[in-house]
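Asker: Dropping a structure here in structure tokens format, bear with me for questions.
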Amino acid sequence: MPVCDICCEELPSETEMKTHLLLSHMENAMACPFCSLSGVLYDELSFHINTAHIEKDCKEMNATVVDSGQKNSNNWFAQSLNTSRTSNVKNKHKESQVSPPSSGHPSPFQDNVMANPITGTTLSQETSTSLKSSPPSAATANGAIKLVRTTQTPSTNPRREREYGHRKSKQKRLSSPNKEGQFPCPMCSLVCNDCFILQEHVELHLQDQGADPDVATSTEASFTSNGRSGVIRYECPMCSLSCSSSTSLQEHVELHLEYDSASATGHSSGDLNLARKLQEEEEQKWRELKSRREAEDFKKLQKQFGLDNSGGYRKQMERNMERAVSRGQMVPAEFHRKRVEMLESLASGVDDGRSKTSGVMEALYRYYQRDASDFSHVWLCAETDHYSSSEGDKGWGCGYRNFQMLLSSLHRMEQYNLLPVSVPSIPRVQAMIEEAWAQGADPQGASHFKNRLQGTRAWIGATEIYAVLTSLSVKARIVDFHKPTGPGDTHLRMFEWVKQYFSHSASRSARLPPKVVQTTLPPLYLQHQGHSRSIVGVEQKVNGNLALLLFDPEFAPGEIRRALSKNTVATMVRRMRKLPSGLKHRQYQVVAVEGVLTTEEKQIRILNSRSLCAEKIP
């Protein structure tokens, strides 16, 4: 690698060596031979001599300087100042030689100088000592007088000191290579292909702004050279900004990160708020949908239980008869006749008896007397009429019909002579329940129906039957079989309780009861979800299994009359028989009549019905 003969610096190529000699030695050696001015460019020095030293011999010295400078450098120095800045001078690495001082041009500095054969410039003795070169030479081979650099330190003049530092900084930044070959201006968006053009451009900036030389020096210190010149810039990896130092770049990137963190937090918070908003909207829609469904289900339940104000027994009867006429199933004359009979029945409050079937219990007793080989015992209730649902109460009147069955049995017993002689119609039963509520019985049930049953198709249950019986001074109780007690969700305890109810009365009347017994007890009212029936008897087979005999309002009058015929009674008994596996609802309630209430007992029961509690088994 080439080595500088003056400062012993190693350079990668001859081109770098030429640039180094020009910028580091020859340019810095430009000094005025008549004053202390040094460290200036050739053009600047020439202008200084022509203007500041106008004496004749100074003009001759200037001419000598011009001639020798251009000749020794083979026009290389002049060419280095043009825009191409290309050096054509060959680098000759030779040892420094000592020459006697030139006598052609006397100077006060000639006692203390040495010649540099490489650059063709004359250096002071002190400068040569600091650079560790050979003893001073008086002149070059051509004998021309060379420019001399004085040993005066820059500190003797503050302005010169700043200029000296400015030049040194320029040398340093010109010594660093730039790989990209483009030099952006640190003060505007201009990008130059040549470092010297950029330097002049920046100096124009500083002149326009009236910048201090120290500022210019710090600004120019950011330039480096790749044989020519360049700029050390630190580009931000997150945006297009370029920073002049790594510290500034670090602070700038940290601001980026803080902003991104804040933005991410903001986005996260915004996403969370959006998610919550969407969730709230979804929940609101779900609640609205649920409310609509509940409202629809409630309307269906109201319609199912007859609480939709769609009319009661009379309107349903008239509507069904009109439909029968329109279908041709009934002639208009019959329609008007039945309508008149219905209005008379409703006015009297007595059931018209069209759905009534009597003598069924007697037919059952005869059947078991004839054919009971599979049964060890059979217990039947007292004589009871069967009431079927009619066109006026079909789908909702089972509770009223079972109550009519119970009343038809009680009317045949002397101890219940306080009851009305005739069985009331369904609208009349509704009125009787409203009267019981008016007396204070079952206020919770009254609130459920809003104290109104007449003119509706409302379903009634065990509590309404209990309330109306209490208002009629009939002693009754409600037994609640609230959960299954047998295998397969069966209610074996209920079957045992029904057997005990019927067999207890029979055992008191005879020491050894017969195989088939018709007791004097009224039927039991059996209620479960959606329907109610009447228990009119219980069978016990030889193996001990029990079965209940039920009167169902769903049995049509023509169907239940089959029990009256000897040939069809067995078929009807099979329909009436219910084994434990046939009664598997979750809950059953039984209303049992046990006698007559006194006035005091009636009032006590009405007061107690405010918090009506059934007897639970188990």
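Asker: Above 23 angstrom, tally the Cα pairs of segment 270-369 and express them as a % of all pairs, no decimals.
Answerer: On the way: 3131 of 4950 pairs.
Taking all Cα-Cα pairs of segment 270-369, the fraction more than 23 Å apart is 63 percent.
Asker: Then there is this: Provide the net charge surrounding residue 277, with neighbours chosen by a C-beta distance below 12 Å and charges set as Lys +1, Arg +1, Asp -1, Glu -1. Kindly include the intermediate steps, with their values, before the conclusion.
Answerer: On the way: positive: 276; negative: 271, 280, 281, 282, 283.
Value of the local net charge: -4.
Asker: Using mean Cβ contacts within 10 Å as the protection proxy, how do 529-542, 398-411 order, highest first?
Answerer: Descending mean neighbour count gives 398-411, 529-542.
Asker: Taking every pair of alpha-carbon atoms in segment 373-519, what share in percent sits in each 10 Å bin, from 0 to the bin with the longest distance?
Answerer: Each 10 Å bin holds this share of Cα pairs: 10, 31, 34, 21, 5, 0.
Asker: Would you kindly state how much longer the chain becomes between residue 290 and residue 554 on full extension, computed as 0.36 nm times their sequence separation minus their alpha carbon distance, in nm to one decimal?
Answerer: Working: separation 264, 0.36 × 264 = 95.04 nm, distance 3.51 nm.
Additional length available on full extension: 91.5 nm.
No value in this document is a laboratory result; all are computed from the given coordinates. These figures come from a predicted structure and were not determined experimentally. Note that we place each Cβ from the backbone using ideal geometry, even for glycine, and neighbour counts take in every protein chain shown.
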